[in-house]
1. Which condition breaks for ASN49 when tested against (1) outside any loop (DSSP other than H, G, I, E, B); (2) over 17 Å from the mean Cα position of the chain (by Cα)?
2. When you go through (1) part of a strand (DSSP E or B); (2) in contact with a Gly (Cβ under 8 Å, 6 or more places away or on another chain); (3) more than 30 Å from PHE19 (Cβ to Cβ) one by one for LEU121, which number turns out not to apply?
3. Among what's in region 37-57 and is among the charged types (D, E, K, R) and surrounded by 11 or more Cβ atoms within 10 Å (Cβ to Cβ), pick the residue that is nearest to TRP137 (Cα to Cα).
4. Give the number of residues within region 57-98 that are in contact with a helix residue (DSSP H, G or I) (Cβ under 6 Å, 6 or more places away or on another chain), part of a loop (DSSP other than H, G, I, E, B) and polar (S, T, N, Q).
5. May I ask you to list the residues in region 33-48 that are of a type in the set (D, E, K, R) and without any contact (Cβ under 8 Å) to a residue 12 or more places away in the chain?
6. Residues that are of a type in the set (D, E, K, R) and closer than 30 Å to PHE25 by Cα: does region 133-149 have at least one?
Amino acid sequence: MNIIKTAIPDVLIIEPQVFGDARGFFYESYNRKVLQGKTGLDKTFVQDNHSRSEQNVLRGLHYQIQQPQGKLVRVVRGAVFDAAVDIRKSSPTFGRWVGVELSAENRRQMWIPEGFAHGFLVLSDYAEFLYKTTDYWAPQYERTIIWNDPDIAIRWPLTKKPILSEKDSKGISLKEAECFE
């Protein structure tokens, strides 16, 4: 496993060691002991989620103000541009974002800690997106920051207008959002 630091030190890109031959490939997508040894993270994941989305679907920017979720995210079909925004007011990187392409081909994962808003844009015809969470989904605490907030200024690799859910189209600005201390 290779760990790549991002511009926000708490967000990590994880590249698994892949063993391949003419028959196909094998890799460990998650190993708690190895992840802890390489990063110091000792997280218990309580929920696995799997979503499928069509090209140009943009989901996010989501977070839970209570029962915050750390997320270990990856793509098993297709490709997405994945973004994490630091919404911890006490952080030196508050309001900054990092983004990376995750795909079935590159097999990269991204660790997004609690205290971050998260979203992704589907780049391929469709994508299947998997993520492990450190706490359960709690819709009463879910919040959405608008995907195109000019103060955050995520550089989404858009080729046309994104496809949004009603909830995501009604997201609010970071200035108006409940954030973490």
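The values are calculated or read from the model by the stated rules, or taken from the named source; none is laboratory data. Remember, predicted model here, so these are calculated numbers, not experimental data. As a convention, Cβ positions derive from the backbone with ideal geometry for all residues, glycine included, and neighbour counts pool all protein chains shown.
1. Single failed check for ASN49: (2).
2. Of (1) part of a strand (DSSP E or B); (2) in contact with a Gly (Cβ under 8 Å, 6 or more places away or on another chain); (3) more than 30 Å from PHE19 (Cβ to Cβ), only one is false for LEU121: (2).
3. It comes out as ASP48.
4. 2
5. Scanning region 33-48 gives LYS33, ASP42.
6. No - not one qualifying residue is present in region 133-149.
A quick yes/no check of all residues on (1) in contact with a Leu (Cβ under 8 Å, 6 or more places away or on another chain); (2) buried (at least 21 other Cβ atoms within 10 Å of the Cβ); (3) of a type outside the set (Phe, Trp, Tyr); (4) within 22 Å of TRP156 (Cβ to Cβ):
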| site | (1), (2), (3), (4) |
| --- | --- |
| GLN17 | no, no, yes, no |
| TYR27 | no, no, no, no |
| LEU35 | yes, yes, yes, no |
| SER91 | no, no, yes, no |
| PHE94 | no, no, no, yes |
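Residues are listed down the side, and each one gets a yes or a no for (1) of a type in the set (Lys, Arg); (2) over 17 Å from LYS71 (Cβ atoms); (3) touching a Ser or Thr at 6+ places or on another chain (Cβ under 7 Å):
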residue	(1), (2), (3)
MET1	no, yes, no
THR6	no, no, no
ILE14	no, no, no
PHE19	no, yes, no
PHE25	no, yes, no
SER29	no, no, no
THR39	no, no, no
VAL46	no, no, yes
